[in-house]
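Participant: Please read through the structure below; I'll follow up with questions.
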Amino acid sequence: MPYFQRLKPLFLAVILLQCTIVKSQDILPPVPEWHGKSEALIAQPDNKWITHTEKSGFVTTPNYAETMAWLKKLTEATPLMSMISIGKSVEGRDIYMVIASTEQVKTPDALKKSGKPALFVEAGIHSGEIDGKDAGMMLLRDIAFGGKKSLLDKINFYFIPILNVDGHERSSPYNRPNQRGPKNMGWRTNAQNLNINRDFAKIDTKEARAVIKVMNEYDPAMFMDIHVTDGADYQYDITFGGYGQDGYSPQISQWLKNTFKVKADEALKGQGHIPGQLMFAFNDKDFSEGNILSLGGARFSDSYGDTRHLASVLVENHSLKPFKQRVLGTYVLLEATMKLLATEGRELVERTKKDRSTFADEVPMEFKVPQLQKTVVFDAEPEAAAMVKGVQAPDSMVHLGVEHITKISEITGKPYLQWTGKPITQTIVNYKATLPSNLIKRPKAYYVPAAWPDVIERLQAHGISVEVLAEAREVEVELDRILSYKLENESKQVRAFEGHMQLNAVTELFTQKKVYAPGSVRIPTDQALGELAMILLEPSSKDSYFSWGFFNEILQRTEYMEAYVIEPMAQKMLAENPALKAEFEQKKAEDPSFAGNAGAILSWFYSKSPYYDDRYLIYPVGREK
Ligand SMILES: [Zn+2]
């Protein structure tokens, strides 16, 4: 061991002594003491199957190895459960899923054949927000050995305890400063620093791919993604719902709103919890300017579920409530959902079938808030959204809020907000993104060239049906010519987002006969995942592969013409083509910077010649009308 290494612990000790570490847990806003009937769900100390979290008094949560060892033991001890790996993380950890079913054979085909609606739950996509794992472990224990076997009489249950397995092991008490426990929290992003809950359209991560594989193979009736909030204080301890107001799955949305939400709220209130709808402060600070629900786009798990007509619910437990209260609320919600699917699941399945077989002529690429002019985009810099005059007033809601006061900061000299803990009831504006926008006419099919195998592979991984061309095919297709483009975040210091240089283009449509090489694919849009295909392939869709930068190759011109060749050619072109001459003179007259730029002039003549690259700035995915 080198000398310096031996000294290292000493240095660290000195450094630690010098800094005062302020624990965020000690300075979080005050929280009311809570007791509820659901506390009876906690196992007694002598219960053989008590979970690590229960044993710790909800102070800590088990690490990956402890979690999986406990689940392995549990699932081996009961014929009701099995545990399988549905993929591996980049760091080589298995992503496990527990299958709970009274069916003896627990293969995807056998489970589908059982005809039972299935609930598919994913916990720990942001692994510091781990409540779902601990709640799921308690519930599985009670199904196996706690008298709740009957929950499986009419349904199947698929449970991913930790999706972001690598992030879960980047554990520290300092990972989630705005959250009240557990002591050890995982990290938000995966080992590649990618946010899995921004990856459901582009699917770069093995984790998102594992979830989609389950959706495709097991075809669950309902999907639930469990998180913990950041940000504003309020009285609710658990908030949940589908973002899709009516979204891409109107039949399913109605069921989620009128059946699921009502029953789940009842169950939670009955157990002493305070359920609410999803809460996102319009001004990103407090609720004085209202709440806003916007459909985040297919990159988010729940919006993704909506685009593929799978009933999908986002759960956001309130970060300022204690870990125990949050885990128990999650348990109650999971159990209530299972009971509801047992009685109402068939109705949901029927509605799902309807949404999957309805092919609207026009499909919106996004949904906007009718009263606002600008799209509200998550992860974008806050933009002042201007109100549109003459549009119907937005909904309002009764909000169980918490009082805040404004103080002047001793650090910045500017005002800042402090939550006092005092409960207040307010009526606030509730904006909803219900306005279908950027409507695209549904083509019969798309053609994706063989030259983009990575895009083709991703489309297939989503479960989209494609026809692979065995021979070259000439088709008349509608294409997009890029007139101008800019990189998203161009003005920002960090331009990459989730590992991509995103693109935003203005295009014009034109029709052309184009030959697609063998290995290209034709994608019909009259399939259950037809809308998803459109969202992934339309260049103006914010979650298309074009927008995510998978087609940036077409932005480059790769053949050139020397000036000494263009010059004499241009002279000849002008002499032979009076119309071209007129166009040239007009362009010079209208555009002085063009007239004064020799390079631009020669390039212009090159672009008018047959030598010009006819694929430059052409988005190669064609629409069959
Ligand atoms: Zn989250």
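The values are calculated or read from the model by the stated rules, or taken from the named source; none is laboratory data. Keep in mind it's a predicted model, so treat the numbers as computed, not measured. Note that each Cβ is placed from the backbone with ideal geometry, even for glycine, and that neighbours are counted across all protein chains shown.
Participant: Within the stretch 308-328, which residues are farther than 20 Å from PHE280 by Cα and within 16 Å of the ligand (Cβ to nearest atom)?
Facilitator: Correct list: PHE323, VAL327.
Participant: Quickly run through the stretch 219-237 and pick out the residues that are touching a Lys or Arg at 6+ places or on another chain (Cβ under 8 Å), under 21 Å from GLY36 (Cα atoms) and away from the ligand (no atom under 14 Å from the Cβ).
Facilitator: ASP237
Participant: Quickly run through the stretch 238-253 and pick out the residues that are at pLDDT 95 or above, surrounded by 24 or more Cβ atoms within 10 Å (Cβ to Cβ) and away from the ligand (no atom under 16 Å from the Cβ).
Facilitator: Selection gives TYR248, SER249, ILE252.
Participant: Okay, moving on. Of the residues PRO182, PRO161, only one is under 29 Å from LEU529 (Cα atoms), surrounded by 24 or more Cβ atoms within 10 Å (Cβ to Cβ) and not acidic (Asp, Glu); which? Step through it out loud before you land on a result.
Facilitator: Numbers: PRO182 fails: under 29 Å from LEU529 (Cα atoms).
The unique qualifying residue is PRO161.
One line per residue, one yes/no per condition, for (1) under 30 Å from ALA450 (Cβ atoms); (2) polar (S, T, N, Q):
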residue	(1), (2)
GLN556	yes, yes
GLU559	yes, no
LYS572	no, no
LYS587	no, no
SER603	no, yes
SER607	yes, yes
TYR616	yes, no
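Participant: Restricting attention to the stretch 69-80, which residues are in contact (Cβ under 8 Å) with a residue 40 or more places away in the chain and either farther than 16 Å from ALA144 by Cα or of a type outside the set (Val, Ile, Thr) (or both)?
Facilitator: TRP70, LEU71, LEU74, ALA77, LEU80
Participant: Scan the stretch 507-542 for residues that are under 19 Å from ASP355 (Cβ atoms) and acidic (Asp, Glu) and report the count.
Facilitator: Counting residues in the stretch 507-542 that are under 19 Å from ASP355 (Cβ atoms) and acidic (Asp, Glu) gives 2.
Participant: Restricting to the stretch 1-50, and then to whatever is part of a helix (DSSP H, G or I) and at pLDDT 95 or above, can you tell me which residue is nearest to THR67 (Cα to Cα)?
Facilitator: Within the stretch 1-50, the first condition is being part of a helix (DSSP H, G or I), and the residues that meet it are 3-18, 24-27, 37-41.
In the following step, the residues that additionally are at pLDDT 95 or above were identified as 37-41.
On the way: LYS37: 26, SER38: 23, GLU39: 22, ALA40: 23, LEU41: 19 Å.
Among residues in the stretch 1-50 that are part of a helix (DSSP H, G or I) and at pLDDT 95 or above, the one nearest to THR67 (Cα to Cα) is LEU41.
Participant: What is the residue count in the stretch 120-167 for residues that are under 21 Å from ASN216 (Cα atoms) and in a helix (DSSP H, G or I)?
Facilitator: 0
Participant: Within 16 Å of the ligand (Cβ to nearest atom) and touching a residue at least 24 places away in the same chain (Cβ under 8 Å): does that describe ASP142? Break it down stepwise before answering.
Facilitator: On the way: within 16 Å of the ligand (Cβ to nearest atom): no; touching a residue at least 24 places away in the same chain (Cβ under 8 Å): yes.
No, not satisfied.
Participant: Here's something else I'd like to know. Give the stretch 409-452 a look and list any residue that's within 30 Å of SER396 (Cβ to Cβ), surrounded by 13 or more Cβ atoms within 10 Å (Cβ to Cβ) and of a type in the set (Val, Ile, Thr), or say none.
Facilitator: THR420, ILE424, ILE428, VAL429, THR434
Participant: Spot the failing condition for ILE95; the list is (1) outside any strand (DSSP E or B); (2) touching an Asp or Glu at 6+ places or on another chain (Cβ under 9 Å); (3) away from the ligand (no atom under 16 Å from the Cβ); (4) not charged (D, E, K, R), and only one is missed.
Facilitator: (1)
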